[in-house]
Amino acid sequence: MNAANKLRIMLNFLNVPLSIPKKFIELQSFLESNPNFSDAPDVIVWVRNAIVHPKSKKREKIANSHYKVRSESLDLQLWYIELFLLKIFDYNGVYINRCSSNYSNSGKREKLPWLR
């Protein structure tokens, strides 16, 4: 099983959508411009691999440019890690979603995905 499929299983378990949040415009555009990608796990695994293993010309392109795609991918991955940790620690309260368009206002709390 590849990394994207493992990530999909965890996200489905947490009731987290596999789509890229609206806030990440460049990441969504990158997904749409690559017919091999179907969802967020495909994109972030590819971006991660491009940075860690930049052997092909395609991967060199993302590893050496596309700052916004890499930055948005990192934010999305951090959100996934936060959710995983909150679930492991059995937290069932409200939280501030870093992927929300309201994140910069730093006050809007919402229910965790598995509580919706």
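Please count how many residues of the stretch 62-81 are open to solvent by less than 20 Å² (accessible area, probe 1.4 Å) and either modelled with pLDDT of 95 or more or under 18 Å from residue 96 (Cα atoms) (or both).
Matching residues across the stretch 62-81 total 4.
Inside the stretch 1-27, can you point out the residues that are of a type outside the set (Asp, Glu) and farther than 17 Å from residue 80 by Cα?
Just the residues of the stretch 1-27 that are of a type outside the set (Asp, Glu), to begin with: 1-25, 27.
Once the filter is applied, which keeps residues that are of a type outside the set (Asp, Glu) and farther than 17 Å from residue 80 by Cα, the stretch 1-27 yields 1, 2, 25.
Would you mention how many residues in the stretch 1-50 are surrounded by 15 or more Cβ atoms within 10 Å (Cβ to Cβ) and farther than 23 Å from residue 98 by Cα?
Of the residues in that region, 3 qualify.
The values are calculated or read from the model by the stated rules, or taken from the named source; none is laboratory data. Note that the structure is a prediction, hence the values are computed from the model and not measured. Using ideal geometry, Cβ is built from the backbone for each residue, glycine included, and neighbour counts are taken over all protein chains shown. Quick note on the areas: whole protein, heavy atoms, side chains included, nothing else; ligands and nucleic acids left out. Shrake-Rupley method; radii C 1.70, N 1.55, O 1.52, S 1.80 Å.
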